[in-house]
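Before any comments, here is the structure.
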Amino acid sequence: MTASAEYTEYVLSLLAPVAPVETGRFFGGVGISCGGVQFAMIMGSSVYFAVDDHTREKYQQAGMQPFSYMTKKGWVQVRKYFELPEEVLTDPDQLRRWINESLQVANKTRPPARAARSKR
């Protein structure tokens, strides 16, 4: 599922005034990072934020679904990423709070950096 160029531009135009984000390729979509930590992704015409067991509930209460894709064996749900409600995306104050929360989640689940090898 590739990211729509038009939707990506739209999302980035809303994120830019709220947080200093960087983008990169992420499978067929676009990964969105802040300070080197990926907290969101765009797939197709949807933006998904990283969630955990504590934050997932508010996405579900808003009627949002996890990122999912089809394989030969059926649908796979990636419950680490949930679709962001449009009303949050278009409200800078709410968006800032949801970005910060998603960044905290992404930082907690980020693999530890490898220790530098010592020279002998």
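What follows draws every value from the coordinates through simple rules; no lab data is involved. Just so it is clear, the model here is predicted, and its values are computed rather than measured. Using ideal geometry, Cβ is built from the backbone for each residue, glycine included, and neighbour counts are taken over all protein chains shown.
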### Message
It is to be established whether one or more residues within the range 2-25 are in a loop (DSSP other than H, G, I, E, B), touching a strand residue (DSSP E or B) at 6+ places or on another chain (Cβ under 7 Å) and surrounded by fewer than 11 Cβ atoms within 10 Å (Cβ to Cβ).
### Response
yes
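Taking the condition of being among the hydrophobic types (A, V, I, L, M, F, W, C) and more than 25 Å from R25 (Cα to Cα), how many residues in the range 35-82 meet it?
Residues in the range 35-82 being among the hydrophobic types (A, V, I, L, M, F, W, C) and more than 25 Å from R25 (Cα to Cα): 1 in total.
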## Note on the structure
In the range 1-36, residues that are closer than 16 Å to L103 by Cβ and under 10 Å from the mean Cα position of the chain (by Cα) total 3
### Query
If you go through the range 58-77, how many residues are surrounded by fewer than 18 Cβ atoms within 10 Å (Cβ to Cβ), closer than 20 Å to A3 by Cβ and free of Cβ contacts under 8 Å to residues at least 24 places away in the same chain?
8
### Task
Restrict the check to the range 102-111 and report whether at least one residue is outside any loop (DSSP other than H, G, I, E, B), under 21 Å from V30 (Cα atoms) and in contact with a helix residue (DSSP H, G or I) (Cβ under 6 Å, 6 or more places away or on another chain).
no
### Task
Looking only at the range 42-65, count how many residues are under 12 Å from A106 (Cα atoms) and part of a strand (DSSP E or B).
2
### Query
Under the condition of being small (G, A, S) and surrounded by 20 or more Cβ atoms within 10 Å (Cβ to Cβ), which residue from the range 41-57 is farthest from E87 (Cα to Cα)?
A50
